[in-house]
Amino acid sequence: MLFWLWQFVRPYRMRLAVAIIALVSTAMLTLSLGQGVKLMIDEGFSSQSTAGLASALGIVGFIIVAMSIGAYFRFYMVSWLGERVVADVRKKLYRHLVSLPPSFFEDNLAGEIQSRVTTDTTLLQTVIGSSFSFALRNALTFIGGLTLMFISNIKLTLIVLLVVPFIVFPLIYFGRKVKKLSRDSQDKIATVGAWAGESLQHIKVVQAFTREDMVNEQFGQAAEGAFDVALKRIRQRAILIALVMMMVMGSVAGMLFVGGSDVIAGELSAGDLAAFVFYAIMVAGSLAAVTEVYGEVQRAAGAAERIRELLATEADIKSPAIELSNRQSLSQSSDQTSSPALIEFNNMSYAYPSRPNRNALDKLNLAVNAGESIALVGPSGAGKSTLFDLLLRFRDPQNGDIRIAGKTLTEWDLQDLRSQFALVPQQPVLFSANVWDNLKYGRPDATEADVMAAAKAAHADEFIEQLPEGYQSFLGEQGVKLSGGQKQRLAIARAILRDPKILLLDEATSALDAQSEHYVQQALDTLMKGRTTFIIAHRLATVRHVDRIAVFDQGQLVDVGSHDELLASSELYRRLAELQFQGAKNDKLT
């Protein structure tokens, strides 16, 4: 773990050096107190000299002041390093996470990932910012104290050292068990967090189905499972600490008996014994402290493993190695291709990893010209949303390819590619921010006039102005303070502000009432002019005006044409149209 952490500590070597110097200095000064104790006894108490006692106390006082100054620098520098390194780890981890494709987050719980970003990194901060410093200081105190013990009295030192093997082996044995249990404990805690986050996020569904008792019971079981694992870890650490204390204090008691006998026999001065006892207690206390910290280090090692697993996850969709100077925009690429089609699907097939034997899209061949609008219709599960994912290169086809402006998607830099698109999903996504920030997500450098113009074009300015603080109104988590139609209009305004080359509309007007749909459809018609547009639609009445309609069924493109052409040529489209338009006629009659 420490070797892995070194890559984050290396940039701050100078601060680390200052921290180590302060740490070593305070350890040496702490040990030198033993000589102060010896002087107080031999020069003061034993000699019955007030001047000698005052002199010894002056030396002790100087050592204490120097220790305090060293402790300040040690604590500040080590704590700074801990906070700085953990901040860097979090930034690197988050930067890596946002580079992973959406499929990764479909297979992993968001709550567990958040736990690794927050809880696990906090454990690392505890080790770097306090535990590691504490352990190193006590290790230095142990080595220095042991050295001074050997210098003072070899016989007494050997008595104390008899118990060391009985401490080291349990330390290794229990330490490994604590590490494994710590890893299990963190996994359990992450599961608890993920369950709590999901149930609270969908609290309306929980309460609407009156499932409060059920989710309480399930959360309770998860919490108790985490508690049971934590209890096993605590029990192992408690056994280790008790064992070490018993061994160490037993050896000190034996040493006191032998040393006291030597003082009585006149073979050892009282000051020497007092100094030796001071060193022995320092050594014993340091060893016990290192033992206790060892459990924390093992917990952090488990957390570090979980973080390293995430960082080691390779994104299966990456940008090609293109020099910045060679990157091109969509307009530049379009100028260099001789093909009239802007987007081409060439014998393309894709199957989800969970269903490898069934293609979500099968041998798709389709060419879409620049500025053309094309609607994707068909039953649920026909592959329409998958097509959007493939266009944005959230997924890569197993066979065939997709070309934009003559270049396959794998030749495009991911950011260059996705910057050409604006997506309006069926379920609009808003962030926990105000209206202004949510709109500017489409184009961060947009002016105030641009933002307000986009809101007006999407017919969102009316309800925005009625909010308590207008454009500065906080929308809550996922825009919970707005209605579905209001959220959809903000999502459309964000797409308008982005001013993209290619529009992806996934049932963009599905959450709107009739009047709002009329206004927004007008805004979309204006926005679609001169832009290549893909529209996923289940309501055929909303796409009768597009240039072409592509009919999908079970992953296959079964027909392409205008509304009138498809009514004559496509049995599936005709059946869908009859069901919808007949239903609409019946609704009017009713």
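Some points to look at:
- Summed side-chain charge close to Gln486 - residues other than Gln486 whose Cβ falls under 14 Å, Lys, Arg +1, Asp, Glu -1: -1
- Charged neighbours of His96, selected by a Cβ distance under 15 Å, balance to +3 (K, R count +1; D, E count -1).
- Relative packing of 478-486, 218-226, 441-449, 549-557, which averages over residues the other C-beta atoms within 10 Å, highest first: 549-557, 478-486, 218-226, 441-449
- In nm, spacing of pseudo-spin labels at Ser55 and Met214 (7 Å Cα→C-beta vector): 8.4 nm
- Restricting the calculation to Cα atoms, the range 494-551 shows an Rg/Rh of 0.93 when the hydrodynamic-style radius is the Kirkwood one.
- Using a Förster distance of 30 Å, the FRET efficiency for Ser380-Lys91 (Cβ separation, nearest 0.05): 0.15
- Residue-count net charge about Leu409 - beta-carbon cut-off 14 Å; Lys, Arg +1, Asp, Glu -1: -2
- For Arg15 and Asp437, the difference between the fully extended length at 0.36 nm per residue and the C-alpha to C-alpha distance is 148.1 nm.
- Kirkwood hydrodynamic radius (C-alpha pairs) into Stokes-Einstein, the range 89-161, 37 °C and 0.692 mPa s, D in µm²/s: 204 µm²/s
- Residues of the range 298-313 with amide N under 15 Å of the 7 Å Cα→Cβ point at Ile241: 298-299
- For the pair Gln207 and His538 in one chain, pulling the backbone fully straight at 0.36 nm per residue adds 116.1 nm over the alpha carbon distance.
- Sorting the segments 133-145, 369-381 by their mean number of nearby beta carbons within 10 angstrom, highest to lowest, gives 133-145, 369-381.
All of the numbers you see were taken from the coordinates with simple rules; none came from a lab. This one's a predicted model, so the numbers in the text were calculated from it and none came from an experiment. Reconstructed Cβ throughout: ideal geometry from the backbone, glycine too, with neighbour counts over all protein chains shown.
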